[in-house]
Amino acid sequence: MADRVTVIGWDGTPLTAAARSALSAATLVAGAGHHLALDELPARAERIRLGSVGLAARRIAAHRGTAVVLADGDPGFFGVVRTLRAPEFGLEVEVVPAVSSVAQAFARAGMPWDDAEVVVAHRRTLRRAVNVCRAHNKVAVLTSPGAGPAELGLLLQGVHRTFVICEELGTEREQVSVVTSDKAADHAWRDPNVVIVIGGAAAAADTGWIMGREPGAGPRGWALPAAEYGGDIWLGEGESDRLRAAQLARLGPRAGDLVWDIGCGSGAFTAEAARFGAAVIAVDSDPDALGRTTAAVRRFGVQAQTVHGIAPHILEDLPEPDVVRVGGGGAAVVSAVADRRPERIVTHAATRDAAELIGRDLSEHGYAVECALLQSVELDTRAWREEKRTVVFLLSGRLPDRSP
């Protein structure tokens, strides 16, 4: 095992005295090509070009001597420190940090970033990173080859955002560009780069006490009465707050997910799914329903995209969903949704026959199906008199091969 492992962050500025001292004593140095070209590297040190951090960690663990790993920005911020400290390598590391590339990017843009979401986009996580950009009005994306500004822009189709693209920060080739998301695919961008994604309705200004989105925005609680969403319009059993609570519990929307809300009605489900951090596309054939939904999400300071059209035909061009709530359209819409293979689907039916039809179709699509009869009775607590009763079948489908 290496006698000593030092991880040095590099942000393009001259190395600190601590970093130079560690480098001068190194018998092995790992880093990217531009790190291995630094003048401060000792001539006799073994050099490893850093591709797979895991492979480099194995080489370092087997090395007899003093090792240094060079990394861009702050190596403890979505960086190599996490991998090097993995139990299977048994390495104890010292860290000499530098300014993170995210901090540099926001500094170049002259913007605060304590209210920003920060995500990493690889080929396997690109879609989830895009969903975070859909759901929030300020996101920093640490990109990678094949998951850069062009790919972000293409997947954000239908959602307008502004990109601040920072290429090769801290080097002589540094460049900062501002483009709209629909134009990002028209350029070839150099790696590494950071993309600041801005847009949508900004939340109310706040002095701030926690990084990222304020978790306490809006009224306390979930599955709130309709009045909390800007009105008390009654749109049938499908808009019951008790049913909505059960639907949310079975779908479990979360950051990085894309939720379809088909037949968005009052906008209550859309707003609540967005409050969990998910990106939401609300679909309805009624323009008034889309207007109510837009007002509801603004009331709660969250984001959602609205699409006017009739399901299932309008669904063909929508990006792939993770979970779906079908608030209207019946078995035909549920079947079309199941063809897209989301991880989970919830819907409701007014009769047992309709519930059986939907349940059989979900089963034929390979979903594990649950069905429950939900009855809700609201009482006037002054006289303890029944005011309103709703009875509905709740159906949920879970795709086993996509579930964690």
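Would you confirm whether any residue within the range 66-75 is open to solvent by 30 Å² or more (accessible area, probe 1.4 Å), farther than 17 Å from Asp3 by Cα and in a strand (DSSP E or B)?
Checking the range 66-75: at least one residue is open to solvent by 30 Å² or more (accessible area, probe 1.4 Å), farther than 17 Å from Asp3 by Cα and in a strand (DSSP E or B).
Mind telling me which of the residues Leu394, Leu362, Leu357, Leu373 ends up being at pLDDT 95 or above and in contact with a His (Cβ under 6 Å, 6 or more places away or on another chain)?
Leu394
Does the range 54-64 hold any residues that are under 17 Å from Thr27 (Cβ atoms), without any contact (Cβ under 8 Å) to a residue 60 or more places away in the chain, open to solvent by less than 40 Å² (accessible area, probe 1.4 Å) and not β-branched (Val, Ile, Thr), and which are they?
Within the range 54-64, Ala56, Ala57 qualify.
Determine whether the range 345-356 contains at least one residue that is without any contact (Cβ under 8 Å) to a residue 40 or more places away in the chain, in contact with a strand residue (DSSP E or B) (Cβ under 9 Å, 6 or more places away or on another chain) and open to solvent by 20 Å² or more (accessible area, probe 1.4 Å).
Taking every residue of the range 345-356 in turn, at least one turns out to be without any contact (Cβ under 8 Å) to a residue 40 or more places away in the chain, in contact with a strand residue (DSSP E or B) (Cβ under 9 Å, 6 or more places away or on another chain) and open to solvent by 20 Å² or more (accessible area, probe 1.4 Å).
Pull out all pairs, ordered by first then second residue, where Cβ-Cβ is under 6 Å, the residues are six or more apart or on different chains, the first lies in the range 287-299 and is within 11 Å of Ala268 (Cβ to Cβ), and the second is among the aromatic types (Phe, Trp, Tyr) and part of a helix (DSSP H, G or I).
Ala296/Tyr229
Would you check which residues across the range 287-312 are assigned to a loop (DSSP other than H, G, I, E, B), at pLDDT below 95 and in contact with a Gly (Cβ under 6 Å, 6 or more places away or on another chain) and list them?
Passing the criteria: Phe300, Gln303.
Kindly provide the set of residues from the range 105-126 that are crowded, with 20+ Cβ neighbours inside 10 Å and not in a loop (DSSP other than H, G, I, E, B), ordered by number.
Ala105, Phe106, Glu117, Val119, Leu126
With the requirement that a residue be basic (Lys, Arg) and modelled with pLDDT under 95, what does the range 21-48 give you?
Arg44
Any residue in the range 6-30 that's within 15 Å of Val80 (Cβ to Cβ): show its pairings with residues that are basic (Lys, Arg) at Cβ separation under 6 Å, as long as the two are six or more apart or on different chains.
That search, which allows pairs on different chains as well, returns Val29/Arg47.
Condition test on Ile345, is it modelled with pLDDT of 95 or more and part of a helix (DSSP H, G or I)?
Values: modelled with pLDDT of 95 or more: yes; part of a helix (DSSP H, G or I): no.
Judged against the criteria, Ile345 is not a match.
Identify the residue in the range 144-155 that is out of contact with any Phe, Trp or Tyr (no Cβ under 7 Å at 6 or more places or on another chain) and in contact (Cβ under 8 Å) with a residue 40 or more places away in the chain and, among all such residues, is farthest from Ile198 (Cα to Cα).
This residue is Pro145.
Quick one: would you say Ala135 is within 21 Å of Pro75 (Cα to Cα), open to solvent by less than 20 Å² (accessible area, probe 1.4 Å) and in contact with a Gly (Cβ under 9 Å, 6 or more places away or on another chain)?
no
So, in the range 252-286, how many residues would count as being open to solvent by 10 Å² or more (accessible area, probe 1.4 Å), touching a Ser or Thr at 6+ places or on another chain (Cβ under 9 Å) and without any contact (Cβ under 8 Å) to a residue 60 or more places away in the chain?
2
Which residue, of Gly51, Gly76, is without any contact (Cβ under 8 Å) to a residue 12 or more places away in the chain, within 30 Å of Cys166 (Cα to Cα), out of contact with any helix residue (DSSP H, G or I) (no Cβ under 6 Å at 6 or more places or on another chain) and among the small types (Gly, Ala, Ser)?
Residue meeting the stated conditions: Gly51.
Which condition does Val334 not pass, out of (1) more than 30 Å from Leu126 (Cβ to Cβ); (2) part of a helix (DSSP H, G or I), if it passes all the others?
(1)
Can you report the number of residues in the range 226-243 which are at pLDDT 80 or above and closer than 17 Å to Phe300 by Cα?
Adding up the residues that qualify gives 2.
For the structure I just gave you, tell me whether Glu378 is of a type in the set (Asp, Glu) and modelled with pLDDT of 95 or more.
no
So Pro97 passes all but one of these: (1) open to solvent by less than 40 Å² (accessible area, probe 1.4 Å); (2) at pLDDT below 95; (3) not polar (S, T, N, Q). Which condition number does it fail?
All conditions pass for Pro97, except number (1).
To keep it simple, each residue is scored yes or no on (1) in contact with a helix residue (DSSP H, G or I) (Cβ under 7 Å, 6 or more places away or on another chain); (2) on the phi < 0 side of the Ramachandran plot.
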site	(1), (2)
Val118	yes, yes
Ala121	yes, yes
Arg127	yes, yes
Ser144	no, yes
Glu168	no, no
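The values are calculated or read from the model by the stated rules, or taken from the named source; none is laboratory data. Here the structure is a predicted model, which is why all the values come from computation and not from measurement. Positions of Cβ are backbone-derived with ideal geometry, glycine not excepted, and every protein chain shown enters the neighbour counts. The area values use the complete protein model at the heavy-atom level, side chains included, leaving out ligands, DNA and RNA. Shrake-Rupley method; radii C 1.70, N 1.55, O 1.52, S 1.80 Å.
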